[in-house]
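Notes follow the structure.
The values are calculated or read from the model by the stated rules, or taken from the named source; none is laboratory data. Because the structure is a prediction, the values reported are computed rather than measured. Neighbour counts are summed over all protein chains in view; Cβ atoms, including those assigned to glycine, are modelled from backbone coordinates with ideal geometry. All accessible areas refer to the heavy atoms of the entire protein, side chains included, with ligands and DNA or RNA removed. Shrake-Rupley method; radii C 1.70, N 1.55, O 1.52, S 1.80 Å.
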Number of protein chains: 2
Amino acid sequence: MADNSALVRLLRQLTVETDRFVELFGEKQRMHRTDLNALAVIMDARWSGEPMSPSRLAEALHLSASATTSVLDRLEASGHVERARNPHDRRKVELRTSDKALELGRGFFQPLDGAFTRAWEQFSDADKEVIARFLSASIDATVSVRAGLASPARPE
Amino acid sequence: MADNSALVRLLRQLTVETDRFVELFGEKQRMHRTDLNALAVIMDARWSGEPMSPSRLAEALHLSASATTSVLDRLEASGHVERARNPHDRRKVELRTSDKALELGRGFFQPLDGAFTRAWEQFSDADKEVIARFLSASIDATVSVRAGLASPARPE
DNA sequence: TCCAATAGTTCGGCCGTCGAAAGAATAACG
DNA sequence: CGTTATTCTTTCGACGGCCGAACTATTGGA
């Protein structure tokens, strides 16, 4: 008999602890959640193709355009992000992360990565394959429930 | 060779998706993150021993006393929480969740639980045991890194 | 050239949060 | 008992993030 409730509880606990970690890190850096999220999105975008724009950032963060401007003002003031107008279409603004932001990201992830690596030494590659499948399935489940919640009648 | 980075990415993705789910649910219910978290803490407290008090809630949520009062005002106004003075020590206030809050919690978790149950049918009990160990280890790692971050010098 | 569409920013207001101080109840001590 | 200290919670004034609406700048067509 599968003890699913224990797994659910563990998942919830993990997200809570992760949340707290992010919160504490933000406090240390004098940055708010939204700014950290924005930074992550901008850095991810560089990895996958073309640079980020304020409007796409707004969509990714579920934020209004004006709030996004504020976020970028803060990030630019703190030296983590630079705004540069696109020379071909001068309406558009391209967002680039600075080296300072990269360092910040490293400071964020390195300790956690190290701890994870140590914590996961006890698992075989086969185990990890199972775990990866589990995580993917859980992510998909969350996404699909959210999609159903977002538009119970009309898929927008 | 273990592909830990894929696992890290999956974990991060899971927390992001969970976050969005909570966010969307909050929008639907016209409730903010903090209020939902507070409700969860209060309900958890009932499960594990004595009732919640505003000050303990403030500590759990990392919120000031005044902000906690606001949260409780909102939750009381929306009929999710009731305040009752402790008859033995009338300075203290006991927080109780209403049936409405229980329903809300059910509306929150039931769809997710169902989706998880379906998504996890493909895993054997042995798999689930491995997964549970993995989640626990990851939680512990997160907690320990956070603890190190909180007090690099002095354990408070 | 004029007009609609697109991309971002600025402005005014709302509301959640904080720190400080007040309010309410209890405990300790003469 | 009464006075003072302590504990728990709430109120008050201020700050700051976020939103919607109006505004500026740029582009692409009629």
Checklist entry - All but one of (1) among the small types (Gly, Ala, Ser); (2) touching a residue at least 12 places away in the same chain (Cβ under 8 Å); (3) more than 22 Å from residue A:97 (Cα to Cα) hold for residue A:5; which doesn't? => result (2)
Checklist entry - Residues of the stretch B:55-71 being open to solvent by 40 Å² or more (accessible area, probe 1.4 Å) and closer than 25 Å to residue A:17 by Cβ, which ones? => result B:55, B:56, B:59, B:62, B:63, B:64, B:65
Item to check | Matching residues in the stretch B:88-123 - criterion: being touching a His at 6+ places or on another chain (Cβ under 9 Å) and of a type in the set (Val, Ile, Thr) | outcome: B:97
Checklist entry - For the stretch B:43-53, what are the residues that are open to solvent by 40 Å² or more (accessible area, probe 1.4 Å) and within 16 Å of DNA strand D (Cβ to nearest atom)? => result B:46, B:49, B:50, B:51
Next on the checklist: Please pick out the residue among A:66, A:144 that is in a helix (DSSP H, G or I) and modelled with pLDDT of 95 or more.
Outcome noted: A:66
Next on the checklist: Can you pull out every residue in the stretch B:72-112 that is away from every other protein chain (no Cβ under 14 Å), part of a helix (DSSP H, G or I) and surrounded by 15 or more Cβ atoms within 10 Å (Cβ to Cβ)?
Outcome noted: B:72, B:74, B:75, B:101
Checklist outcome for this item: residue A:7 meets each of (1) buried (at least 18 other Cβ atoms within 10 Å of the Cβ); (2) among the hydrophobic types (A, V, I, L, M, F, W, C); (3) more than 29 Å from residue B:112 (Cβ to Cβ) with one exception, condition (3)
Next on the checklist: Among the residues in the stretch A:92-99, are any over 27 Å from residue B:20 (Cα atoms), of a type outside the set (Asp, Glu) and within 12 Å of DNA strand C (Cβ to nearest atom)?
Outcome noted: yes
Checklist entry - residue A:76: within 16 Å of DNA strand C (Cβ to nearest atom), more than 30 Å from residue B:26 (Cβ to Cβ) and at pLDDT 95 or above, yes or no? => result no
Next on the checklist: Out of B:65, B:58, B:126, I need the residue that is away from DNA strand C (no atom under 11 Å from the Cβ) and over 22 Å from residue B:29 (Cβ atoms). Which one?
Outcome noted: B:126
Next on the checklist: Let me confirm something: among B:65, B:40, which residue is of a type in the set (A, V, I, L, M, F, W, C), within 15 Å of DNA strand D (Cβ to nearest atom) and either away from chain A (no Cβ under 13 Å) or within 20 Å of residue B:98 (Cβ to Cβ) (or both)?
Outcome noted: B:65
Checklist entry - Which of the residues belonging to the stretch B:17-30 are open to solvent by 70 Å² or more (accessible area, probe 1.4 Å) and under 15 Å from residue A:21 (Cα atoms)? => result none
Item to check | Criterion: of a type in the set (D, E, K, R) and within 19 Å of residue B:70 (Cβ to Cβ) - qualifying residue of B:46, B:30, B:9 | outcome: B:30
